[in-house]
Each structure stands twice: as C-alpha cells, then as structure tokens.
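Visitor: Following this message is one structure expressed as structure tokens.
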Amino acid sequence: MKSEPDVFSIEDLRDRPNQTEPWDGVRNYQARNFMRDEMKIGDQILFYHSNTTPPGIAGIAEVASEPYPDPTAFDKKSKYHDPKSDPEKPRWILVEVKFKSILPNYVSLDEMKEMPELQEMRVLQRGNRLSITPVSAKEFKAILKAGGA
DNA sequence: GCCAACGTTGGC
DNA sequence: GCCAACGTTGGC
C-alpha cells in the first residue's frame with residue numbers, strides 16, 4: 001500500500017492510537033476491489049512511501065478490519081467527499097491497517113529494481129499508479145530480507 | 001517543477 | 001460506444 005509520507009507515513013501509523021488507521025480516501029476501483037475482495041484480517045502489508053526521496057518500502061503493517069464503507073465519501077467537509085457515493089449503496093470501501101514494524105533498512109525503489117525476486121512486482125512495472133497492489137509471498141520475503149527484518 | 005502514464009468524464 | 005479533454009499520480 002502506497003502513501004505519501006508527507007501526508008501519512010509509517011511513523012504516523014506507529015503513533016496512532018491502537019497503531020491502527022482506516023485506509024480512507026482510495027478513489028480507484030481496482031484499489032478498492034483489492035481491499036473489498038482480496039484482503040483478509042491478518043494479511044501482511046508492505047508500506048510504501050511514494051512521492052518522496054527516495055521512494056521505497058518503509059515498514060510492515062497488517063489488515064486489521066473487515067472491509068466497510070469509507071466514511072469520508074459521505075463527509076461534505078472531507079477532501080475525499082464523493083457526492084455519488086450513496087450511504088445506502090456505498091461506492092468506496094476501506095479496511096483498517098495496523099502498524100507492525102519499521103524496517104531496520106529502508107528498501108528503496110532503486111534497490112528493489114535490482115532484486116531478481118521482484119522483477120514481476122506490480123509497483124515496479126512502468127506507469128503503474130495503483131496505490132494498492134497484490135504482493136506474492138516470494139516478493140514479501142525478499143523485501144523482509146533486504147529490509148533486515 | 002516537469003511530464004509520461006493513466007483513469008475518468010462527458011459530448012456526440 | 002468512442003474519444004478528446006482533463007485531472008491525478010508519482011518518478012525523476
């Protein structure tokens with residue numbers, strides 16, 4: 001899961017009450033579908049810092065709730081407000097994520113590109129802008145190892 | 001700050 | 001249903 005650290009970083013997640021945060025504001029159907037259909041409580045998450053120097057994997061989190069409607073879609077004051085999301089038939093769905101750890105070694109995007117295990121990884125593919133993508137067990141382990149965890 | 005890539009919108 | 005226009009993402 002990608003996040004811009006200026007907006008919400010792995011440190012912000014660590015410092016949250018219960019170290020848990022609803023992953024709100026996702027407004028892309030594919031990313032929503034991953035949260036709604038694929039994620040299960042306890043699934044491990046690579047926390048990726050985007051739009052920063054350098055971008056890369058900063059830490060580990062895990063899925064901490066069932067999927068439920070994103071309340072910011074109904075909040076007129078939220079920058080994520082979506083008038084087309086009807087509370088009776090919510091368009092946007094989120095899960096909560098819980099802090100697990102900050103990697104001892106930050107794994108930069110440049111390093112990831114050099115790792116043979118990660119050549120198929122979605123975030124490395126050209127032009128990929130999806131903020132949530134599936135990660136294979138092989139990829140996950142390779143990141144953990146490179147990250148010193 | 002630039003800009004390529006991509007998703008969404010809306011006129012037709 | 002097509003596609004031009006537009007807005008956003010995110011590496012650089």
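Visitor: When segment A:111-149 is examined, which residues are found to be in a helix (DSSP H, G or I) and within 15 Å of DNA strand C (Cβ to nearest atom)?
Guide: Selection gives A:Glu111, A:Met112, A:Lys113, A:Glu114, A:Leu118, A:Arg122, A:Val123, A:Leu124, A:Ile143.
Visitor: Separate question: What number of residues within segment A:40-78 are surrounded by fewer than 16 Cβ atoms within 10 Å (Cβ to Cβ), in a loop (DSSP other than H, G, I, E, B) and not hydroxyl-bearing (Ser, Thr, Tyr)?
Guide: 10
Visitor: Now, a different point. Can you name the residue in segment A:17-30 that is in contact with a Phe, Trp or Tyr (Cβ under 7 Å, 6 or more places away or on another chain) and within 16 Å of A:Glu62 (Cα to Cα) and is also nearest to DNA strand C (Cβ to nearest atom) among such residues?
Guide: By that ranking, first place goes to A:Asp24.
Conditions (1) away from DNA strand B (no atom under 16 Å from the Cβ); (2) of a type in the set (A, V, I, L, M); (3) closer than 16 Å to A:Lys2 by Cβ; (4) modelled with pLDDT under 95, marked per residue:
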site	(1), (2), (3), (4)
A:Lys98	yes, no, no, no
A:Pro104	yes, no, no, no
A:Met115	yes, yes, no, no
A:Glu120	no, no, no, yes
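Visitor: What's the number of the condition A:Pro87 fails, among (1) within 17 Å of A:Gln30 (Cα to Cα); (2) more than 16 Å from DNA strand C (Cβ to nearest atom)?
Guide: A:Pro87 satisfies all of (1) within 17 Å of A:Gln30 (Cα to Cα); (2) more than 16 Å from DNA strand C (Cβ to nearest atom) except (1).
The values are calculated or read from the model by the stated rules, or taken from the named source; none is laboratory data. Quick caveat, the model's predicted, so the values are computed rather than measured. When we count neighbours, we look across all protein chains shown, and the Cβ atoms used for this are built from the backbone with ideal geometry, even at glycine.
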